[in-house]
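Heads up: the structure comes next, in structure tokens.
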Amino acid sequence: MNLKPIIIFVLLLFIYQQSKAQKETVVIVIKETGTLQPLAGATVESKKAKQNGVTNHEGIFEMALNNVKILDIIVSMTGFSKFEKQYAVESLKDTLYVLLQTEEQELEQVVVSGSLKPIRKSESIIPVEIYTQSFLKANPVPNLFESMQNINGVKPQVNCSVCNTGDIHINGLEGPYTMVMIDGMPIVSGLSTVYGLSGIPQSLIDRVEVVKGPASTLYGSEAVGGIINVITKQPSAAPIISVDVMSTSWQEYNVDLGLKSKLGNNGTMLTGINYFDYSNPVDKNGDGFTDITLQKRLSVFNKLYWNLGKHSHLSVGTRYVYEDRWGGEMNWQRKYRGGDEVYGESIYTNRAELIANYKLPFRENVQWSFSGNIHRQNSVYGDQVFKADQDIAFTQMIWLKTIGTHDLLTGIAYRYTYYDDNTVVTADPDDKSKNNPQKTHLPGFFLQDEWSFHPQHKLLAGARYDYNSIHGNIFTPRIAYKWQSVDKHNQVRLSWGNGYRVANVFTEDHMALTGSREVVFEEDLKPEKSWNINLNLVKKIKLNASRLNIDASLFYTKFSNRIIADYESHPQYIYYANLNGHSISKGASLSLELNLPEGININTGVTVMDVYKVEAGEKSRQLFTEKWSGVWGISYTKPKYKIDYTGNFYGSMLLPLLNELDPRAAKSPFYSIQNIQVTYYINKKMEIYGGAKNLLNWLPTKQNPFLIARSFDPFNKQVEWGSDGLPLATAGNPYALQFDPTYSFAANQGIRAFLGFRFTLR
């Protein structure tokens, strides 16, 4: 009997078993939690295996096991929490993934919105909230407006059931009080407050900074309730190519494309293209109107950066946006635009922007900035035609100087606004048949001092003077104080300041254009003024391997000359006038962030507020403002995939009814919008993601017989009117209503699935 084959087989089996029992090496891959970027230079150590070293450029370290049965892994890197864990060698796979959590990341990020200069968040006297790409990707949306829905105290408010326009509320203050900027420039204002919040390619957004409370001392008019500053990526830090493509089960399609290229030895160019298409009319509530507005939008963004030497650089950004949106009766076509046969709201927007920042070639930090935009609006609301042109030019020179313990900031600014439309607003007051475009000049000067009089204490004092060519002199001061513990884990900020806003006609009367109401300005609107005080507490608590961050605020704002829209005095009109009294917005907010081991991150927040006006001794609550709201985001991150569960909830708000017979609810119900997403990382360059939005399929039509009053008679052809100009209750109109779509408080879009793909080449 030949035993040779048997002996060889036994030897091979023995060798195989030994190789299984005695794994010799394991590949350890170190990545950052959230971004999953490889971490080069991380120190990896095992005391039992007597091995140590650092990761390579791909975040990889290969460790020899040296016949140990239990492997202890210790990973450390500056700026990240230390990682320690033990593994049974026999249970290890060939590759071991380790995720490091950032240490002090949220405190050490650089912000610019609070003081017009780059500064670490922990050093900023003004509270600034930062929302990075990771936050935006947790609930992917096609525009900036929707991306704000999961920020505590910030609410994207839908203002029209037909055209779905909206604005962004901060701490209960309406959209006109929020200044939206791109790279610190006041680009989005006036006309674009309503339609300009779309078309910023998210692939080019580095972060979004939010300041709650008046910032008029630095930014002038409109920065009354707060600012939202969209910071775009520096071309040098952007990927060479980035692609993000997403579609939904409602047949919405969004494409983001980013490209980086070199311009000679010292220049870099970053180009971004965003395209959004929704062309599928849907009427699930059966009222004969589109549930959400159909849109086609193209946005092209370009940013160039030149290094001009040791003390100088130049950055120039341009953006063009074209949008065609319409909503209305399901059988509406272009041929009905502006007529009274079939109701539709059709808006064409053409917009061009320029942003430039130049660091002058001096040792002193002197910077010149310029922004300009041209906005062309061609809109019809049923048979009402609204055409408007707006041109804004803004320039600013600032000087940053440190003298001892004082950081001084001084600057001069000038803003020119040209506005013309086809309404009586820009007509000649002496001859209504003649046109009289508004031309506003707004020069200003500001000065600010940050005094670090103690390592743990800072004081800020600033003031601004503007001269408005229509309204005259405007003065806005502010004072702020910050204390922090030696380890920066405890911080207290107290700020007090003044804000002002000059009324913009389109922003005020846009809701009246939709439907059949008429705008009545009861007086020449004076600039609104506000005084605000804000107390903010930040605390960081270490819980073994976990970390809890607490951010709590108390806020109080009092307005004088506040512009109030009166929807309730007469269903045919909306009256605008400065409040003969005062208005208050007060409340508290609490945000918690909990980072747990194994890649679990929990963010949650709640805001409680009371927003009301007092006139003739009578207190009344503000419409479209909830008393409490909350948000959350839960992320579970592993090396190959990530799960995000995000959502928000809102308490009831007062809604405008047309009369006492109106059967719709006078208050909105409690509601919550919830989303789930799973992201799978194919490799370092590619990922796919998908999930569902509005998981609970919540719709504003619930608990209401209808949203749009008399949607079947949008031109009020069957309404009978009384001598007082009010609709009469008849057999065909038992509630004495007229067509009105202003009863709107949330998007009328139910549950939908989405799927997307991202490709990034660095």
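The values are calculated or read from the model by the stated rules, or taken from the named source; none is laboratory data. The structure displayed is predicted, hence computed values, not measured ones. Here Cβ is always computed from backbone atoms with ideal geometry, including for glycine, and neighbour counts include all displayed protein chains.
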Margin query: Based on this model, can you work out whether T426 counts as surrounded by 15 or more Cβ atoms within 10 Å (Cβ to Cβ), in contact with a strand residue (DSSP E or B) (Cβ under 6 Å, 6 or more places away or on another chain) and polar (S, T, N, Q)?
Written below: yes
Note to self: Out of the residues in the stretch 638-649 meeting the condition of being at pLDDT 95 or above and crowded, with 20+ Cβ neighbours inside 10 Å, tell me which one is nearest to P734 (Cα to Cα).
What the structure shows: N648
Note to self: If a residue must be outside any strand (DSSP E or B) and either of a type in the set (V, I, T) or without any contact (Cβ under 8 Å) to a residue 24 or more places away in the chain (or both), how many such residues does the stretch 456-469 contain?
What the structure shows: 0
Next item on the list: State which residue is farthest from Q234 (Cα to Cα) when the search covers only the stretch 286-323 and only residues that are among the acidic types (D, E) and either at pLDDT below 90 or over 21 Å from the mean Cα position of the chain (by Cα) (or both).
Entry: D287
Margin query: Can you tell me how many residues within the stretch 311-358 are in contact with a helix residue (DSSP H, G or I) (Cβ under 7 Å, 6 or more places away or on another chain) and either of a type in the set (A, V, I, L, M, F, W, C) or not in a strand (DSSP E or B) (or both)?
Written below: 2
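Let's see how each residue does on (1) closer than 20 Å to S147 by Cβ; (2) within 21 Å of the chain's Cα centre (by Cα); (3) surrounded by fewer than 18 Cβ atoms within 10 Å (Cβ to Cβ):
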site	(1), (2), (3)
N595	no, no, no
T604	yes, yes, yes
R621	no, no, yes
I634	yes, yes, yes
Note to self: I'd like to know if the stretch 661-672 contains one or more residues that are of a type in the set (F, W, Y), surrounded by 17 or more Cβ atoms within 10 Å (Cβ to Cβ) and touching an Asp or Glu at 6+ places or on another chain (Cβ under 9 Å).
What the structure shows: no
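Right, S672: in contact with a Ser or Thr (Cβ under 9 Å, 6 or more places away or on another chain) and in contact (Cβ under 8 Å) with a residue 24 or more places away in the chain or not?
Details: in contact with a Ser or Thr (Cβ under 9 Å, 6 or more places away or on another chain): no; in contact (Cβ under 8 Å) with a residue 24 or more places away in the chain: yes.
So S672 fails the test.
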Check: What pairs can you find where one residue is in the stretch 130-141 and on the phi < 0 side of the Ramachandran plot, the other is in a loop (DSSP other than H, G, I, E, B) and buried (at least 20 other Cβ atoms within 10 Å of the Cβ), and their Cβ atoms are less than 8 Å apart, with a gap of 6+ or different chains?
Finding: Y131/I151; S134/G34
Checklist line | Cross-chain or 6+ apart pairs with Cβ under 9 Å, the stretch 300-319 first and within 13 Å of F362 (Cα to Cα), then in a loop (DSSP other than H, G, I, E, B) and of a type in the set (F, W, Y) | finding: H311/F362; S312/F362
Next item on the list: Quick one: which residue in V29, V75, V68, V44 is modelled with pLDDT of 85 or more, assigned to a loop (DSSP other than H, G, I, E, B) and either among the hydrophobic types (A, V, I, L, M, F, W, C) or exposed (fewer than 11 other Cβ atoms within 10 Å of the Cβ) (or both)?
Entry: V68
Next item on the list: Filter the stretch 278-299 for residues that are surrounded by fewer than 18 Cβ atoms within 10 Å (Cβ to Cβ), out of contact with any Leu (no Cβ under 9 Å at 6 or more places or on another chain) and either on the phi < 0 side of the Ramachandran plot or not in a loop (DSSP other than H, G, I, E, B) (or both) and give the result.
Entry: V282, D283, K296, L298
Margin query: Can you tell me how many residues within the stretch 454-501 are crowded, with 20+ Cβ neighbours inside 10 Å, at pLDDT 90 or above and aliphatic (A, V, I, L, M)?
Written below: 2
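Those residues that are in a strand (DSSP E or B) and closer than 15 Å to V316 by Cβ, I need them from the stretch 230-259; list them, please.
T232
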Check: Taking the stated definitions as given, is V538 closer than 30 Å to S379 by Cα, buried (at least 16 other Cβ atoms within 10 Å of the Cβ) and modelled with pLDDT of 65 or more?
Finding: no
Next item on the list: Considering (1) touching a residue at least 40 places away in the same chain (Cβ under 8 Å); (2) closer than 25 Å to N534 by Cβ; (3) charged (D, E, K, R), say which one E90 fails and leave the rest.
Entry: (2)
Next item on the list: Report yes if some residue within the stretch 82-94 is at pLDDT below 80 and closer than 19 Å to K458 by Cα; otherwise report no.
Entry: no
Checklist line | Number of the condition not met by L442 [criteria: (1) under 27 Å from I374 (Cα atoms); (2) exposed (fewer than 15 other Cβ atoms within 10 Å of the Cβ)] | finding: (2)
Checklist line | Matching strands (runs of 3 or more DSSP E) fully within the stretch 593-637 where at least 1 residues are at pLDDT 90 or above and among the aliphatic types (A, V, I, L, M) | finding: 600-615, 628-637
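Please find, within the stretch 210-224, the residue that is surrounded by the most Cβ atoms within 10 Å (Cβ to Cβ) out of those that are farther than 17 Å from Q448 by Cβ and modelled with pLDDT under 80.
So in the stretch 210-224, the residues farther than 17 Å from Q448 by Cβ come out as 210, 212, 221-222, 224.
Imposing the further condition that a residue be modelled with pLDDT under 80 reduces the set to 221-222, 224.
On the way: S221: 27, E222: 26, V224: 29.
Residue satisfying both the conditions and the ranking: V224.
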Check: Can you name every residue in the stretch 115-139 that is at pLDDT below 85 and closer than 19 Å to Q456 by Cα?
Finding: S115, I119, R120, K121, S122, E123
Next item on the list: Specify the residue that is nearest to V538 (Cα to Cα); the eligible residues are those in the stretch 448-481 that are hydroxyl-bearing (S, T, Y) and under 31 Å from the mean Cα position of the chain (by Cα).
Entry: Y481
Next item on the list: Determine whether E329 is surrounded by 16 or more Cβ atoms within 10 Å (Cβ to Cβ) and charged (D, E, K, R).
Entry: yes
